[in-house]
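S.K.: Could you have a look at this structure, given as structure tokens, before my questions?
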Amino acid sequence: MEIKIDLDLPSIISQAVSAERIQPIVDKAVAEAVGSAIRDATGYSSPFREALQTQLKEAMPHGLAIDDVAKFQHMINAAVTDAVKGANAESIKTAIAQGLKSAIPAAAERIKLSELLKEARGAFHKEKHEAFYAHYKPSEYGGGWLSLDSDESTSSEYRADIRIGFNDKGGAHSLKLDGRDITPKSVPNAIGRFDGLLLALYVGRSSVELDIDAEDVESAASEQWD
């Protein structure tokens with residue numbers, strides 16, 4: 001049996017590449033190309049992402065998670081409500097401004113470890129002739145862990161009220177504050193200047209310059225005599 005098929009190839013090709021058939025294919029290709037370009041421009045290591053992270057860190061008091069934003073907004077709403085009771089508009093503005101200044105203290109992009117210890121002495125209300133607990137444990141990969149406590153007789157770095165871990169560039173990767181591990185979903189109940197500085201380190205708004213060693217850390221926390 002002989003089967004003979006005659007195909008009008010020019011006509012078939014002409015119909016296949018007609019505008020109404022090609023357009024959806026072109027649209028899909030263009031959308032995929034644009035999507036790929038956007039991912040490249042806003043991806044993990046893109047300048048856009050880095051700039052956005054920097055601006056968010058500067059804008060947020062602590063944490064970038066949605067939970068933290070909601071909790072902070074709740075704190076502000078509560079503060080406004082309390083301030084409104086029995087106060088006039090000007091005193092409300094003053095109270096809120098002072099409260100925010102205390103809760104979100106200005107933090108330098110870089111602070112020396114020696115300066116951080118001076119801040120700790122002030123936060124612990126220790127005079128020069130008084131000592132407090134400070135222990136620095138270097139990591140073999142760079143950086144290390146700084147443990148602090150107002151009680152100089154603290155028996156172990158793990159029992160200290162404050163313990164903050166740094167990487168080799170001075171960025172904080174962990175923080176224990178008032179004996180409690182801080183996480184992106186937790187917000188401290190009270191924030192003073194020193195606590196605010198520690199939180200600024202924890203969220204990356206600031207970093208530490210490791211200008212002294214472990215022995216110097218303990219010496220800085222000991223009794224200081226002229």
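The values are calculated or read from the model by the stated rules, or taken from the named source; none is laboratory data. For clarity, every value in this text was computed on a predicted model and none was experimentally measured. Cβ coordinates were reconstructed from backbone atoms using ideal geometry, including for glycine residues, and neighbour counts include every protein chain displayed.
S.K.: Would a scan of region 160-176 turn up a residue that is in contact (Cβ under 8 Å) with a residue 60 or more places away in the chain and either within 22 Å of ALA107 (Cβ to Cβ) or among the acidic types (Asp, Glu) (or both)?
M.R.: yes
S.K.: OK, next. So the check is Cβ under 8 Å with 6+ separation or different chains; which pairs have a first residue in region 202-218 that's on the phi > 0 side of the Ramachandran plot and a second one that's assigned to a loop (DSSP other than H, G, I, E, B) and not β-branched (Val, Ile, Thr)?
M.R.: Close Cβ pairs satisfying both conditions: GLY204/GLY171.
S.K.: Tell me, which strands (runs of 3 or more DSSP E) wholly within region 131-226 include 2 or more residues that are under 15 Å from ALA120 (Cβ atoms)?
M.R.: Once the strands (runs of 3 or more DSSP E) in region 131-226 are filtered for at least 2 residues that are under 15 Å from ALA120 (Cβ atoms), what remains is 133-138, 144-149, 162-166, 172-177.
S.K.: I've got another one for you. Filter region 155-190 for residues that are more than 22 Å from SER114 (Cα to Cα) and in contact with a helix residue (DSSP H, G or I) (Cβ under 8 Å, 6 or more places away or on another chain); which is modelled with the lowest pLDDT?
M.R.: Filtering first and then ranking leaves VAL187.
S.K.: Okay, next question. I'm trying to understand the selection: among the residues of region 169-180, which are of a type in the set (D, E, K, R) and either farther than 15 Å from LEU201 by Cβ or buried (at least 17 other Cβ atoms within 10 Å of the Cβ) (or both)?
M.R.: Answer for region 169-180, where residues must be of a type in the set (D, E, K, R) and either farther than 15 Å from LEU201 by Cβ or buried (at least 17 other Cβ atoms within 10 Å of the Cβ) (or both): LYS176, ASP178, ARG180.
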